[in-house]
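A short write-up of the structure that comes next.
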Amino acid sequence: MDFPDDLMHLIRTDEPLGPLAWLGIGGPARFFAEPMDAADVQRLVAAAQDQGLSVRILGSGSNILVREAGVNGLVISLAGAMSSEIAIDGTKMTVGAGAKLSHAVIKSVGAGLGGLEHLVGIPGTVGGAVVGNASAGGRDLGSVVSSVTVVEKDASIRTMTQQEVGFSHRKTSLVGLAVLDATFQLETREVLALTKRMQKLWISRNSARPTEEPRIAMPFVDPDGMPAKDLLQTVGLAGLTEGEVALDSQHPHFMVARSGATSEQCLRLIERVREQVLLQTGIDLQLNLQIW
Ligand SMILES: Cc1cc2nc3c(=O)[nH]c(=O)nc-3n(C[C@H](O)[C@H](O)[C@H](O)COP(=O)(O)OP(=O)(O)OC[C@H]3O[C@@H](n4cnc5c(N)ncnc54)[C@H](O)[C@@H]3O)c2cc1C
């Protein structure tokens, strides 16, 4: 498999993905690249397309489960320095896909711009949050998106409006595209009030997660009208274990991986949870976690 010479300095082969995923599980990427700018992303996508290679985009790895077989394609990491700029123009804020969502939240609050503060404490990059339409407290990120710049599958760059992206509950039409940046339409607010609100949310969100556990994921989307946490408690699945993977006993909407955990164990646990929830409540729990 040959990439053009001018891309070879960006390409690594057999790059382990486990250390890049929060769950700490997973085999290597056959090809792995950390582009320096948007033109690199375009050229990487075009080269992969030419060679019939599949492309996956990696953010901070907080919402992926990688199988031990790894990825037989090209993984492009957009969590690097290339795309972490944040620029404010009036009430609009444009953020590179690689910026941490928490940095974008803190920056907006410091500038007296409201609309992102409810997302404080959600791990990951702005790109990952936009693609998955991250949400918290009943409000999603998509509601404040004004536009999103992407590299399309044919390697062209396109700016999409909020309507074109089509945000719905933890879903967008952006899957398979590379998000380069997003512009948010925010509202002027008092900095002190915003800061207090953000701090309060930060504290309550931190206390609602297994802070001692470094290898965690939030596998399920909250079904309509009920947080997944309450549903899993009610159904009696807190602490459910499969090998070295378990639902946390206090916060069962989090899956915790211990040393020796495998992707098979994660997938079996997820399946058992979905079966039990369906059997006992008729609710078909949807996956938030992306399986690679
Ligand atoms: C402790 C914890 C708490 C969480 N709390 C919440 C919560 O409250 N609300 C919530 O919605 N989620 C939550 N999540 C899930 C996760 O943090 C979010 O989904 C986050 O937005 C993922 O961002 P990431 O950069 O880590 O994406 P990754 O895990 O790297 O990728 C996730 C998906 O997004 C795609 N992707 C990433 N970046 C790009 C890009 N630039 N262009 C195109 N595709 C891209 C990937 O291909 C993959 O399909 C939580 C997860 C954890 C571990």
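For this structure, a couple of remarks:
- Where Rh is the Kirkwood radius over Cα pairs, Rg/Rh for the range 123-164: 1.02
- Protein accessible area in the chain, 1.4 Å probe - carbon and sulfur %: 51
- Neighbourhood charge, 13 Å Cβ-Cβ cut-off, centred on residue 134 and excluding it, Lys, Arg +1 and Asp, Glu -1: +3
- Its alpha carbons considered, the chain gives a radius of gyration followed by a Dmax of 19.3, 57 Å.
- Probe 1.4 Å, accessible area per residue of the range 29-85, Å²: 41
- Taking all protein chains together and a 1.4 Å probe, the residues 291, 270, 88 rank 88, 291, 270 from largest to smallest accessible area.
- Here residue 196 is the anchor, and the lysines within straight C-alpha reach of less than 21 Å, apart from those fewer than 8 places off in the same chain, are 100, 107.
- Dipole magnitude for the chain: computed about the Cα centre from +1 point charges on Lys and Arg Cβ and -1 point charges on Asp and Glu Cβ, it is near 820 debye.
- Ellipticity estimate at 222 nm from DSSP helix runs (n ≥ 4, -39,500 (n - 2.57)) divided over the chain, nearest 500: -7500 deg cm²/dmol
- The charge dipole of the range 5-77, taken about its Cα centre with unit charges on the Cβ of Lys, Arg, Asp and Glu (plus for the first two, minus for the last two), comes to roughly 300 debye.
- Loop sites in the range 187-244: GluC sites (Glu not before Pro), DSSP, at most 11 other Cβ within 10 Å: 190, 212
- Net charge dipole size for the range 162-264 [Lys, Arg +1 and Asp, Glu -1 on Cβ; Debye, nearest 20]: 380
The values are calculated or read from the model by the stated rules, or taken from the named source; none is laboratory data. Because the structure is predicted, anything quoted here is derived from the model rather than measured. Backbone-built Cβ (ideal geometry, glycine too); neighbour counts: all protein chains shown. These accessible areas exclude ligands, DNA and RNA; they are computed on the full protein's heavy atoms, side chains included. Shrake-Rupley method; radii C 1.70, N 1.55, O 1.52, S 1.80 Å.
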